[in-house]
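Q: Below are the structure tokens for one structure; questions will follow.
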Amino acid sequence: MHQDIRWTYREFQEKVNTVARGLMGMGVDKGNRVGIWAMNHAEWVVVQFATAKIGAIMVNINPAYRTYELEFVLKQSEVSTLIIQGRFKTSDYVGMFYEACPEAFESKPGKISSEKFPFLKNVIFLGDTVYNGMFSWEDLMKRAEEINSDELIERSESLSFDDPINIQYTSGTTGFPKGVVLTHHSILNNGYIIGEGMGFTEKDRLCIPVPFYHCFGMVLSNLACVTHGSTMVLPGPAFDAEQVLRTIEKERCTAVHGVPTMFIAELAHPNFSKYNLKTLRTGIMAGSPCPIDVMKEVNTRMNMSEIVIVYGQTETAPGVTMTTTRDPVERRVTTVGRAFPHTELKIIDPASGKIVPTGEIGEICARGYCVMKCYYNNPAATHATLDKDHWNHTGDLGTMDREGYFKIV
């Protein structure tokens with residue numbers, strides 16, 4: 001909406017192929033890390049698919065990061081190509097990048113040489129402005145001319161679904177964030193199962209106000225849409241309650257995603273009653289527990305009688321449990337649903353590691369296609385989270401009832 005862009009899937013695919021060939025033209029190889037530091041723009045989704053198509057590992061960088069956090073992520077994930085947007089509100093992304101990497105200012109594009117960031121070579125600005133040491137988006141498109149379609153097909157055919165494709169940083173509660181390594185298989189199937197859970201078809205139109213850099217936007221929103229041919233609708237670069245309401249009405253959205261605080265802000269907006277939300281049917285509320293009154297209001301005032309709750313974490317790509325569109329409201333507010341298909345869950349006594357009886361509190365553990373490969377360049381943290389049988393220990397305490405519904409306590 002904010003970029004006045006409207007693409008069919010065919011046009012989207014053409015853009016993806018061009019950017020994929022452009023990145024190859026800039027020397028991006030399979031397994032290279034390509035960082036993206038940007039808000040919710042159409043190009044973000046293009047980069048998501050273009051990097052996957054050439055086997056590069058996309059590194060999601062939180063647009064709220066300050067300079068020292070950017071430095072940490074660029075170093076820790078060994079980013080070789082960085083895609084960066086212009087200023088947003090008080091964040092001057094280009095300025096922060098030069099502060100972190102002053103050598104770039106004196107470099108030619110593609111020739112960055114920095115002691116602090118030995119891997120970093122290319123920086124691409126998400127726009128037409130020419131900055132020192134950076135390629136423009138237009139330069140990236142021109143590089144695509146150096147690579148033909150056959151070379152792109154050959155690269156794509158050399159990939160395996162188990163290859164790592166994405167590093168997402170999880171904030172964690174202590175110290176610096178950890179880079180969760182996810183594969184084609186883990187995120188694509190998680191998105192597909194989510195789309196199935198919401199009953200998505202090509203007739204659905206999802207309003208996406210949740211950030212792409214986070215697994216919610218990137219997987220539960222983007223991949224749920226693409227696996228079902230549904231329409232992705234981006235209301236704005238960052239969350240704005242009225243922009244979401246306006247977008248739902250204007251684009252006749254059938255679904256909207258959000259964390260509880262987003263839904264609360266939408267319901268409480270002084271102009272809420274001005275907007276027609278009759279087209280809404282479903283969506284996801286996730287990220288934190290939902291107060292029962294809010295869920296009831298979302299069901300009635302926003303017409304989302306089929307909204308679902310999803311629980312998981314970045315380490316599980318991200319969803320492991322979900323309510324269904326048919327679950328009664330009480331189930332949807334007091335539980336986080338049942339295990340995803342193809343996902344094993346158990347609740348253990350953290351001290352003994354033994355499974356606890358039904359209904360008793362313990363640590364939730366997950367295993368299956370969705371579990372991360374590792375934390376990038378962090379074996380100690382990996383061993384603390386993934387055990388020898390590849391169970392992911394979530395660190396969350398919960399219960400499971402006799403019908404298989406989980407509660408987070």
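Q: Just a yes or no: is a residue in segment 133-143 open to solvent by 70 Å² or more (accessible area, probe 1.4 Å) and acidic (Asp, Glu)?
A: Yes: one or more hits.
Q: Here is a follow-up. Before we move on, is THR227 among the β-branched types (Val, Ile, Thr), closer than 27 Å to VAL181 by Cβ and surrounded by fewer than 21 Cβ atoms within 10 Å (Cβ to Cβ)?
A: Details: among the β-branched types (Val, Ile, Thr): yes; closer than 27 Å to VAL181 by Cβ: yes; surrounded by fewer than 21 Cβ atoms within 10 Å (Cβ to Cβ): yes.
Spelling it out, THR227 is indeed among the β-branched types (Val, Ile, Thr), closer than 27 Å to VAL181 by Cβ and surrounded by fewer than 21 Cβ atoms within 10 Å (Cβ to Cβ).
Q: Please go through segment 192-238 and pick out each residue that is under 21 Å from ASP4 (Cβ atoms) and outside any loop (DSSP other than H, G, I, E, B).
A: ARG205, LEU206, CYS207, GLY217, SER221, ASN222, CYS225, THR231, MET232, VAL233
Q: Return yes or no: is VAL308 within 12 Å of THR394 (Cβ to Cβ), of a type in the set (Val, Ile, Thr) and under 22 Å from the mean Cα position of the chain (by Cα)?
A: Values: within 12 Å of THR394 (Cβ to Cβ): no; of a type in the set (Val, Ile, Thr): yes; under 22 Å from the mean Cα position of the chain (by Cα): yes.
Judged against the criteria, VAL308 is not a match.
Q: Another question, then. Quick one: how many residues across segment 77-96 are surrounded by 13 or more Cβ atoms within 10 Å (Cβ to Cβ) and either closer than 26 Å to PRO379 by Cα or touching a helix residue (DSSP H, G or I) at 6+ places or on another chain (Cβ under 7 Å) (or both)?
A: 11
Q: Provide a single number: the residues in segment 370-396 that are part of a strand (DSSP E or B) and either acidic (Asp, Glu) or open to solvent by 80 Å² or more (accessible area, probe 1.4 Å) (or both). Walk me through it before giving the result.
A: Of segment 370-396, the ones part of a strand (DSSP E or B) are 374-375, 386, 392-396.
Narrowing the set further to residues that are either acidic (Asp, Glu) or open to solvent by 80 Å² or more (accessible area, probe 1.4 Å) (or both) leaves 396.
Of the residues in that region, 1 qualify.
Q: Quick one: which of ALA380, ALA339 is under 22 Å from the mean Cα position of the chain (by Cα), hydrophobic (A, V, I, L, M, F, W, C) and over 14 Å from ASP396 (Cα atoms)?
A: On the way: ALA380 fails: under 22 Å from the mean Cα position of the chain (by Cα).
Among ALA380, ALA339, only ALA339 is under 22 Å from the mean Cα position of the chain (by Cα), hydrophobic (A, V, I, L, M, F, W, C) and over 14 Å from ASP396 (Cα atoms).
Q: Return the residues of segment 184-207 that are over 15 Å from PHE49 (Cβ atoms) and open to solvent by less than 30 Å² (accessible area, probe 1.4 Å); say none if nothing qualifies.
A: Answer for segment 184-207, where residues must be over 15 Å from PHE49 (Cβ atoms) and open to solvent by less than 30 Å² (accessible area, probe 1.4 Å): SER186, ASN190, ILE193, ILE194, GLY195, GLY197, MET198, PHE200, ASP204, LEU206, CYS207.
Q: While we're looking at this one, here's another question. Looking only at residues that are touching a strand residue (DSSP E or B) at 6+ places or on another chain (Cβ under 8 Å) and in a helix (DSSP H, G or I) in segment 165-191, which one is farthest from VAL59 (Cα to Cα)? Reasoning before the result, please.
A: Here is the first cut: in segment 165-191, the residues touching a strand residue (DSSP E or B) at 6+ places or on another chain (Cβ under 8 Å) are 165-170, 172, 177-184, 187, 190.
Next cut, in a helix (DSSP H, G or I) only: 184, 187, 190.
Numbers: HIS184: 14, ILE187: 14, ASN190: 18 Å.
Step by step, filter segment 165-191, then rank; the result is ASN190.
Q: Restricting attention to segment 59-111, which residues are of a type outside the set (Val, Ile, Thr), touching a residue at least 40 places away in the same chain (Cβ under 8 Å) and in contact with a Lys or Arg (Cβ under 8 Å, 6 or more places away or on another chain)?
A: Selection gives GLU71, LYS75, SER77, GLU78, SER80, TYR93, GLY110.
Q: Scan segment 279-319 for residues that are hydroxyl-bearing (Ser, Thr, Tyr) and closer than 14 Å to VAL210 by Cβ and jot them down.
A: We begin by selecting, within segment 279-319, every residue hydroxyl-bearing (Ser, Thr, Tyr); these are 279, 282, 288, 300, 305, 311, 314, 316.
Across segment 279-319, the qualifying residues are SER288, THR314.
The values are calculated or read from the model by the stated rules, or taken from the named source; none is laboratory data. Note that the structure is a prediction, hence the values are computed from the model and not measured. Positions of Cβ are generated from backbone atoms using ideal geometry, with glycine treated the same way; all protein chains shown enter the neighbour counts. Ligands, DNA and RNA are excluded from the accessible area calculation, which covers all protein heavy atoms including side chains. Shrake-Rupley method; radii C 1.70, N 1.55, O 1.52, S 1.80 Å.
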